Amino acid sequence: MGGMPENAPDQDARELVQPRIRRAWYVACVSTELRKKPLAFTIFETPIVLFRDSSGQANALMDRCPHRNVPLSIGKVVDGRLACGYHGWQFSGDGRCVHIPAYTGEPDRPARRCGAFPVIEQQGFVWVWPDRSGPPEGPPFEMRYADAPGYLTVRKALPAQASIHAVAENALDVPHTAFLHRGLFRSDTPNRAPITCRIKRWHDRVECEYIGESRPTGLVGRILSPSGGTVIHFDRFYLPSIVEVEYRIGDENHIVLNGAITPVSDHESVLHACVAVRARIPLWLVRPFVEMAALRIFGQDQRLLEIQTNALRRFGEARYASTEIDVLGPHILRLMRQAARGTPAPPDGQPYTRDVTMLV
Amino acid sequence: MGGMPENAPDQDARELVQPRIRRAWYVACVSTELRKKPLAFTIFETPIVLFRDSSGQANALMDRCPHRNVPLSIGKVVDGRLACGYHGWQFSGDGRCVHIPAYTGEPDRPARRCGAFPVIEQQGFVWVWPDRSGPPEGPPFEMRYADAPGYLTVRKALPAQASIHAVAENALDVPHTAFLHRGLFRSDTPNRAPITCRIKRWHDRVECEYIGESRPTGLVGRILSPSGGTVIHFDRFYLPSIVEVEYRIGDENHIVLNGAITPVSDHESVLHACVAVRARIPLWLVRPFVEMAALRIFGQDQRLLEIQTNALRRFGEARYASTEIDVLGPHILRLMRQAARGTPAPPDGQPYTRDVTMLV
Amino acid sequence: MGGMPENAPDQDARELVQPRIRRAWYVACVSTELRKKPLAFTIFETPIVLFRDSSGQANALMDRCPHRNVPLSIGKVVDGRLACGYHGWQFSGDGRCVHIPAYTGEPDRPARRCGAFPVIEQQGFVWVWPDRSGPPEGPPFEMRYADAPGYLTVRKALPAQASIHAVAENALDVPHTAFLHRGLFRSDTPNRAPITCRIKRWHDRVECEYIGESRPTGLVGRILSPSGGTVIHFDRFYLPSIVEVEYRIGDENHIVLNGAITPVSDHESVLHACVAVRARIPLWLVRPFVEMAALRIFGQDQRLLEIQTNALRRFGEARYASTEIDVLGPHILRLMRQAARGTPAPPDGQPYTRDVTMLV
């Protein structure tokens, strides 16, 4: 399987429109964001409104009143029902019209219903399944080590002007860190050492293990683990849009960054990050520095992703020439394309495996 | 005729592009706005320039110099002719080119003419007929009670990011007033009383009489008629784009709001309002309060119409589910569609009539 | 040949998309603008990046890294090679990939090359040939009298929201100067005198000689030549996009304005002007006044060209009605269309010649 053309270097990815996997869970918001007011969000360019009913349960409806098409998100929640801001029509969490002011007839009729989407609240995130062709196939992704004992957990929504694929590849890409984030995470030193990148791809995910890596030489690594130590480092991607960066440095330091990427449109995303950290040194001490560095790193990525997206739009295509050290990007695209086409998942046997040398 | 499907509730109006009735009079501006300088306005996305010739008569030309296509509205009026700001070509009110600086030949040639549109000034408004396929069929609409003895008359141009249909329905719609304009005009009280809405539709207009209505409970009603009184209330729409709201409260209070809606583009309009008021109490006393409330009401409508238009654009369609208490909107759309198709007007016999119950 | 329809007055030019002559030299920037940093510019909507290699020679590459399509212009020059700002890939002036950080393989592969464009630096301008279908056919245009002994030479880049044709016609058009620039250059006097305009058109250029012209009556003319004198005045256009205005007033005053127009997109250009002046009076004395007047004139033209372009866009066409005193515009369009079609140049025999009367 190692000789398959999609794994060859110098391959091209020419699609500008990203693969759209509609039958999947995506994060709409952090739970604490959704309070008394309705909340609008967009996925695959579809406007959706979230609101909590009287039991506190989150609901998701198409953000368009069936009456005169005004977004329901400009309305308000009345007795656990969502009321339109124009004529006051009220909808229950399942999308039925349950009240029309001034009207003496029966409010509920098929044409007066709002489309409703499945919602699950889990680990402090509100997940929505943006497809109505059938019930969801399984639960949302479980963020690893979130709120686990001994772990500090931080959640943050990071918007990016880029596709899922561009955001995911950027989040999991090692070589650019020495260049775009010079000094913050890795450095572009002349005396780099070779390590082995072990790629494994299953039908629904791909991971890369970096074998022989030293502690990253930049600011973040030095703060978290001043004394160095053995490094275990995995980068992973799970369909439809989850990234995971996992570091173990020595026995006591463990960082898992999970990011669920929500596609607002083809070239606009929100990375809902959930970082779980356990460390030898007290985290309250270093948290400000690490957060500052992390936001600086993400700010640089954000700016670069927007520049990249503008360039793709201008050229009307993505024409990517890859090398073997683009260890995950081409595999992510392959998984996403298969899933968007609805190719039946193969029996989960041995993963496709490949070793690659990289200088870090 | 009462069983026709277009009058049934739950009907859909899916066209996003509004019906375009070109052979009709539309208000370009208030007369006092058009002075010495040329004035640009747009109708159905066609740029038109207005100017007064030496006799003071208003003229309307295509706002494009035939020479190098610069808008004539950036030029100036010289000796009653409109001079282009680029090379100084001059045009008379009928669109002929009458002078070309530096040129020794005859200026007037067919290719050098500007298209001219019929113009009528009436009741303080400049009306333009934005079609050149034949002379106008009749005069513009006469604003009722404008400048009549005993009436205070106010004119105001109110821009709206919405189609004629959306603006007209909004202006004539009763149920939303208790909700969007809560407290200003009507209130959303739990103990509402049923009234009868008598709808009559002719081939070129539709009206609704509200029978049994009390004086509106909000601020505006209380100021104009503190003591209450019998209410006579009509809402009317006349082709192509005129709305009319008429109230008589007791013997002495009479309000007629006429609004001529000019379509700038499919989703951009200007409502040229002309309000004529006769009241028992001195109008100079209450005018500031009424104007403030009216502008507040219109500001809320303006904002809502823009939100609605953005939602229609985003979804690429207008998919309206109506009930019987949408007493005028569906009829307005039916009249506009017939007129845009150029369906010959039926003989003016008995109107289509229907009674509907509404809680106010 | 004088009776050919394309020379007749009242002709129409209805194309909105301008003729695109790709196989030609265009000015990218003034030499002094291109220093240590890469410089982005756009021609025919194609993004190109300029940079100097270690020998100081200017190079032009497609402004897109073949790896992840980020513009190379956000990167930097390292050891005379252009390094991408994302992963640090490095390219030599001929477009080959010569270094990929972290990668142990051979960097140069066909798919990893950037398109390179011919570049010539001449008379203080960097010229690029934005076509890669074959080597350039000859050198760039030579700016006349630039840096010649006794001449003051000024270079300035003037952006314009307009097509090459609109900018060129505007720069060479005499009649509008009395109107748009009233008082600055010419005046719109009632007692204008007839002069002869002698038009000559070759297969690659067109000129107009103005015979019998007095010194322009406006500010600029009066400053440069207070005492009047015989005026020799030529306006010229050279394919693909060079304008030239040449004045000799008396024996000692000589002005040559060359402008190389670079098409950013169909309706966006940069006029790279090079003005060479020799005058009787000391230029350091009058330079501030002349520059101020020139910038004022160009500012008026800039504003008008943008208004014109917006009008063309709004109408979706350019429908120009010309007269005989549009002495160059129609000929420029004819030459550009022929060149864009690639019509083989006819043998350079006698030019098409025509005399026209104009009042100035």
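Quick note: the coordinates plus some simple rules give every number you see, no bench work behind them. Given the structure is predicted, the values throughout are model-derived calculations rather than measurements. Methodologically, a virtual Cβ is constructed for each residue, glycine included, from the backbone with ideal geometry; neighbour enumeration extends over all protein chains shown.
Name the long-range amide H neighbours of B:His99: under 5 Å, sequence gap of 5 or more, or other chain; modelled H, no Pro or chain starts.
B:Gln90
For C:Lys36, which lysines qualify as cross-link partners when the Cα separation must be under 20 Å and same-chain residues fewer than eight apart are set aside?
C:Lys76
Mind pulling the per residue volume of the convex hull built on the Cα atoms of the range B:11-85? Å³ is fine. Could you put the intermediate results ahead of the total?
Values: hull volume 9.1 nm³, N = 75.
Per-residue hull volume (Cα only) is 121 Å³.
Based on a Kirkwood Rh over C-alpha pairs, give the Stokes-Einstein translational diffusion coefficient of chain B at 25 °C and viscosity 0.890 mPa s in µm²/s. Don't skip to the end; give the middle numbers.
On the way: Rh = 22.2 Å.
Translational diffusion coefficient: 111 µm²/s.
Spelling out what I want: for every residue of the range C:242-250, take phi, set θ = phi - 60°, compute 6.51 cos²θ - 1.76 cosθ + 1.60 (Karplus), and round to whole Hz; glycine and proline get x.
After applying 6.51 cos²θ - 1.76 cosθ + 1.60, I find 9, 10, 8, 10, 10, 10, 10, 10, x Hz.
Could you tell me what fraction of 2.2 N^0.38 Å the Cα radius of gyration of the range C:37-77 comes to, as a two-decimal ratio? Let's see the in-between values first.
On the way: Rg = 10.1 Å, N = 41, 2.2 N^0.38 = 9.0 Å.
Working it through for the range C:37-77, the quotient is 1.11.
Given contacts defined as C-alpha pairs under 8 Å and at least six residues apart, what's the relative contact order of chain A, whole-number percent? Let's see the in-between values first.
Details: 755 pairs, mean separation 78.4, N = 360.
Result for chain A is 22 percent.
At a Förster radius of 35 Å, what calculated FRET efficiency corresponds to the Cβ-Cβ distance of A:Arg314 and C:Arg280, to the nearest 0.05?
Efficiency, from the Cβ-Cβ distance: 0.10.
If each of A:Lys37 and C:Gln122 carries a label point 7 Å out from its Cα toward its Cβ, how far apart are those two points in nm?
Here the modelled spin labels are 6.3 nm apart.
Distances in nm, one decimal, shortest first, from B:Glu45 to the same residue in every other copy, taking the label point 7 angstrom along Cα→Cβ.
1.9, 1.9
How far is A:Ser31 from itself in the other copies, in nm, if each label sits 7 Å out from Cα along the Cα-Cβ line, shortest first?
For A:Ser31, the inter-copy label distances come out at 6.9, 6.9 nm.
Fewest Cβ neighbours within 10 Å first, please rank C:Glu246, C:Glu33 accordingly.
C:Glu33, C:Glu246
If the rule is a partner Cβ under 4.7 Å, which cysteines in chain B fail it?
B:Cys29, B:Cys97, B:Cys114, B:Cys197, B:Cys208, B:Cys274
Given 20 °C and 1.002 mPa s, compute D for the range B:250-289 with the Stokes-Einstein relation, Rh being the Kirkwood radius over Cα pairs; round to the nearest whole µm²/s.
Working: Rh = 12.3 Å.
Value of D from the Cα-based Kirkwood radius: 174 µm²/s.
Under 10 Å, Cα contacts only: if you run a Gaussian network model on chain A, which one of A:Val270, A:Val286, A:Val174 comes out with the highest mean-square fluctuation?
A:Val286
Residue by residue, what Karplus-based ³J(HN,Hα) values in Hz, rounded to whole numbers, does the range B:317-323 have, using 6.51, -1.76 and 1.60 with θ = phi - 60° and x for Gly and Pro?
Ordered by residue, 3J(HN,Hα) equals 6, 10, 10, 9, 9, 10, 10 Hz.
Are there GluC sites (Glu not before Pro) in the range A:73-157 that DSSP marks as loop and that have at most 16 other Cβ atoms within 10 Å, and which are they? Kindly include the intermediate steps, with their values, before the conclusion.
Working: sites: A:Glu121, A:Glu137, A:Glu142; in loops: A:Glu137, A:Glu142.
Filter output for the range A:73-157: A:Glu137, A:Glu142.
Quick check for me: using +1 on Lys/Arg Cβ and -1 on Asp/Glu Cβ, what's the dipole size of chain A about its Cα centre, in debye to the nearest 20? List each step's numbers first, then the result.
Values: 43 positive and 39 negative charges, 170 e Å.
For chain A, the charge dipole is close to 820 debye.
Say the dipole of the range B:29-119 comes from +1 at the beta carbon of Lys and Arg and -1 at that of Asp and Glu; which of B:Val70, B:Gln57, B:Phe117 then lies farthest toward its positive end?
Working it through, the farthest residue towards the positive pole turns out to be B:Val70.
Which whole-Hz ³J(HN,Hα) couplings does the range A:108-125 yield from phi under the Karplus relation 6.51 cos²θ - 1.76 cosθ + 1.60, θ = phi - 60°, glycine and proline marked x?
Calculated HN-Hα couplings, in order: 7, 9, x, 5, 9, 8, 9, x, 10, 10, x, 10, 9, 9, 8, 6, x, 10 Hz.
For chain B, modelled as a Gaussian network with Cα springs under 10 Å, which listed residue fluctuates most, B:Asn59, B:Asn310, B:Asn170?
Top of the fluctuation ranking is B:Asn310.
Shape call for the range C:140-231 from the C-alpha gyration tensor, a ≥ b ≥ c root eigenvalues: rounded (a/c under 1.5), prolate (a/b greater than b/c) or oblate?
Details: a/c = 1.41, a/b = 1.24, b/c = 1.14.
In terms of gyration-tensor shape, rounded.
Rounded to the nearest 500, what is chain C's calculated 222 nm mean residue ellipticity when only DSSP H runs of at least 4 contribute -39500 (n - 2.57) each, over all residues?
On the way: 4 runs with 61 residues, N = 360.
Computed mean residue ellipticity for chain C: -5500 deg cm²/dmol.
What helices in chain A pass both tests, a Cα length along the helix axis of 30 Å or more and a mean Kyte hydropathy of -1.0 or higher, using whole DSSP H runs?
On the way: long enough: A:283-315 (47 Å, 0.16).
Length and hydropathy pass: A:283-315.
Which FRET efficiency value, to the nearest 0.05, do you get for B:Ala340 and A:Asn191 by plugging their Cβ-Cβ distance into 1/(1 + (r/R0)^6) with R0 = 56 Å?
Once the sixth-power term is evaluated, E becomes 0.15.
What shape does the range A:306-360 have by the C-alpha gyration tensor, where a ≥ b ≥ c are the square roots of the eigenvalues, rounded means a/c under 1.5, and otherwise prolate means a/b greater than b/c and oblate the rest?
Because a/c hits 1.5 or more and a/b fails to exceed b/c, the range A:306-360 counts as oblate.
Can you pull the one-decimal nm distance between simple spin-label points at A:Asp94 and C:Phe289, each 7 Å off the Cα toward Cβ?
It works out to 8.7 nm between the two label points.
Got a sec? How would B:Phe125, A:Phe289 order by Cβ neighbour count within 10 Å, fewest to most?
Details: B:Phe125 24, A:Phe289 13.
So the ranking, lowest neighbour count to highest, is A:Phe289, B:Phe125.
Which residue fluctuates most in the GNM of chain C (Cα springs below 10 Å): C:Val243, C:Val98, C:Val128?
C:Val98
Set the Förster radius R0 to 45 Å, insert the Cβ-Cβ distance between C:Ile211 and C:Arg109 as r into 1/(1 + (r/R0)^6), and round the FRET efficiency to 0.05.
0.10
Express the C-alpha Rg of the range B:255-318 as a ratio against the empirical globular expectation 2.2 N^0.38 Å, rounded to two decimals.
After normalising by residue count via 2.2 N^0.38 Å, the value is 1.47.
Name the nearest-to-axis residue of chain B, judged by Cβ distance to the rotation axis taking chain B onto chain A, and quote that distance in whole Å.
For the rotation taking chain B to chain A, the closest Cβ gives B:Arg313, 12.
For A:Ala111, place a label point 7 Å out from Cα along the Cα→Cβ vector, do the same in each other copy, and report the separations in nm, one decimal, smallest first.
5.4, 5.4
Can you tell me the Rg and Dmax of the protein assembly as shown, counting just the alpha carbons, in angstroms?
36.0, 97
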